[in-house]
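Following: one structure in structure tokens, then a few remarks.
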Amino acid sequence: MPLSRAAVCLDCEFLVLRPAVLAFALLMERALQAHDDTGGWEAEPDRSLLRRMQREVNALAEAVRDRRTTIGAEAVEVANCCLMIAENWGYLV
């Protein structure tokens, strides 16, 4: 089923999310929930998260180069690493 736009309040400014943004965010959340049993990333050092992100970027680049069906999943992993770093630095609260 295609997603319609969703309205969210960000600092009390209502934004309408594009269907692709909403769908990608849902995929990100699904991937994060799959690892809920491993704990959070709040105590993870920047260096560790940056190394993980670089591995995920490399995996995404390989998937794109080889035209694999895993491109979407790899993109989600890269985005989740970015989210973790941004949250740890206080940019998402």
With only helices counted (DSSP H, runs n ≥ 4, each -39500 (n - 2.57)), the per-residue ellipticity at 222 nm for the chain, to the nearest 500, works out to -19000 deg cm²/dmol
Excluding ligands, DNA and RNA, the carbon-plus-sulfur percentage of the accessible area of the chain with a 1.4 Å probe reads 59
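In debye, nearest 20: dipole of the chain around its Cα centre with unit charges on the Cβ of K, R (+) and D, E (-)? Could the numbers behind the result be given before it?
On the way: 10 positive and 14 negative charges, 95 e Å.
Its charge dipole is roughly 460 debye.
State the extension gain, in nm to one decimal, for the chain segment bounded by LEU27 and THR69, taking 0.36 nm per residue of separation less the distance between their alpha-carbons.
Details: separation 42, 0.36 × 42 = 15.12 nm, distance 1.50 nm.
Roughly 13.6 nm would be gained on extension.
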Expressed per residue, the solvent accessible area of the chain in Å² (1.4 Å probe) is about 77
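The values are calculated or read from the model by the stated rules, or taken from the named source; none is laboratory data. Quick caveat: nothing in here was measured; it's all calculated off a predicted structure. Every residue, glycine as well, gets a Cβ built from its backbone with ideal geometry; the counts of neighbours run over all protein chains shown. Accessible surface areas use protein heavy atoms only, side chains included; no ligands, DNA or RNA. Shrake-Rupley method; radii C 1.70, N 1.55, O 1.52, S 1.80 Å.
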